[in-house]
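Novice: Before we start, here is the structure in question, set down as structure tokens.
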Amino acid sequence: MLWEHYRWQIISVLGAGLLQALLIVVLLVERRRRRGAQRLNRAVLDSLPGAVAILDRSGAVQRVSRPSAQREGLGALSTQRLVASGGSFLHALQRLAQGGELERVATLLKGVLAGRVDEDMVEFRGPLADTWYELRARRLDLPDGGAVVTLVDVTPRRRAELEARRAQDERAHMERVAAVGELGASIAHELNQPLSAILTNAETAQRLLQRAPPDLPLLRELIQDIIADDKRAGEIIRHTRALLKKDPALPFAPHDFNELVRQVGQLVGNDAQLRGATLTLELAGAPLPVRGDGVQLQQVVLNLISNALDAVGPCPQGERKVWVRTQQVGARVELVVEDTGVGLSPEVQKRLFEPFFTTKPAGLGMGLSISRSILEVHQGRLQAEPRPGGGTLFRCSLPSA
Ligand code: ADP
């Protein structure tokens, strides 16, 4: 009777209860899922190297990874202080970056936050001497925008790179000193020419002055020759000193590659003559602009020519020939050093560029390996191939400036 009368009410009360219970269960499951997802997010965030921060579109910090041992050294940015401050990431960064550097970081961050760039990276100096940081920012593909920013202390890597570069410069310098040392006799001979020409011209001028009236046009000519010879001697000394000097890696500067090669050709010209070899320079007609460390690039040229002269040594007189060519090939500048020498056996060809590989009794075996590393720094290439007709051909190329 009661059931008959209140059937629909009972069913609706029970139904509503059931629905409520179901809703609670769904909410509980959803909360657990969200907590799980949050924990997962946090675990992923914390496992990333460096200090990771999630920024909103204005650059304010929303979340950061927890501080950890591997993030030591990041100072203000390594801690949760960023979130606590709720402030802007850039503001916090001001404590870490140096004045001028901050501008580059700010430009990058603004670009990513404004959606102009999807992802970008910048390396900058820290406030302490010899400290470096890398900042990577990636745009968040969400309706509200924002970005994920990762900051890593890259000081150990940068120090190791600098150390490697220093060691490389040191080796290159030693090799250069050895090469110039070998050229000693030839350089002295080279200097003797302008010096004796200066003496002869000066003595002739002295004699002319004793005549009355002195032959002024001839005197003028003699003095001009004296000046030109003196300049030539000065140049030889200057180039030799530049090669012997131990400069830390010089900043890259523009050079005419032809001119660099010509100067080396002048330096070794006499050595070639003393060895009974003919050295022919065939340089491109127009200047070949390159950017780099001139002394180091000349070291490469010097190495290749010295090796070619060594290689033609055992050949009979008259067959000791070396050609040095430069040319523009597309967007690159190319140097080819060819010789009619002993050539490359398969074993030598395989190991040519290995450090300390040499087939010469007094060889150091560093010339080619150093030349290759110098060229790598200049985005250059160096390879060797057998020369058609006997001997070896070295091809070196650099980006044209
Ligand atoms: P080093 O000249 O002190 O031996 P390099 O690294 O300059 O050191 O050269 C390594 C080796 O490569 C040389 O010992 C030689 O065997 C070989 N080589 C280099 N240039 C030539 C060349 N033009 N012709 C034949 N062999 C060469």
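The values are calculated or read from the model by the stated rules, or taken from the named source; none is laboratory data. Every value quoted in this text rests on a predicted model; they were computed, and no experiment measured them. Glycine gets a Cβ as well: all are built from the backbone with ideal geometry, and neighbour counts include every protein chain shown.
Novice: Within segment 238-263, can you find the residues that are closer than 28 Å to R320 by Cα and at pLDDT below 90?
Specialist: Step one: list which residues in segment 238-263 are closer than 28 Å to R320 by Cα, which gives 239-240, 243, 257-263.
Of everything in segment 238-263, those that are closer than 28 Å to R320 by Cα and at pLDDT below 90 turn out to be H239, T240, L243, Q263.
Novice: Where the second residue is among the polar types (S, T, N, Q) and away from the ligand (no atom under 14 Å from the Cβ) and the first is under 24 Å from D256 (Cβ atoms) and lies in segment 291-319, which pairs have Cβ atoms under 8 Å and are six or more apart or on separate chains?
Specialist: That search, which allows pairs on different chains as well, returns Q298/Q263.
Novice: Moving on to the next point. Any idea how many residues of segment 315-359 are in contact with a strand residue (DSSP E or B) (Cβ under 8 Å, 6 or more places away or on another chain) and more than 8 Å from the ligand (Cβ to nearest atom)?
Specialist: Residues meeting the conditions: 19.
Novice: Would you confirm whether any residue within segment 181-191 is in a loop (DSSP other than H, G, I, E, B), more than 29 Å from G365 (Cα to Cα) and out of contact with any Lys or Arg (no Cβ under 9 Å at 6 or more places or on another chain)?
Specialist: No, that holds for no residue.
Novice: Right, here's the next one. Of these, R232, R166, R176, which one is under 39 Å from the mean Cα position of the chain (by Cα), farther than 30 Å from S369 by Cα and part of a helix (DSSP H, G or I)?
Specialist: R232
Novice: Could you list, in sequence order, the residues of segment 387-401 that are within 11 Å of the ligand (Cβ to nearest atom) and surrounded by 14 or more Cβ atoms within 10 Å (Cβ to Cβ)?
Specialist: Just the residues of segment 387-401 that are within 11 Å of the ligand (Cβ to nearest atom), to begin with: 387, 390-394.
Passing the criteria: R387, G391, T392, L393, F394.
Novice: Further, regarding this structure: If the Cβ limit is 7 Å and pairs must be 6+ apart or interchain, which residue in segment 348-374 that is in contact (Cβ under 8 Å) with a residue 60 or more places away in the chain pairs with which residue that is more than 6 Å from the ligand (Cβ to nearest atom) and basic (K, R)?
Specialist: M366/R171; I370/R171
Novice: Let me ask another. Those residues that are exposed (fewer than 15 other Cβ atoms within 10 Å of the Cβ) and either more than 6 Å from the ligand (Cβ to nearest atom) or polar (S, T, N, Q) (or both), I need them from segment 360-376; list them, please.
Specialist: P361, A362, E376
Novice: Quick one: would you say L22 is assigned to a helix (DSSP H, G or I), within 60 Å of the chain's Cα centre (by Cα) and surrounded by 10 or more Cβ atoms within 10 Å (Cβ to Cβ)?
Specialist: The answer is no for L22.
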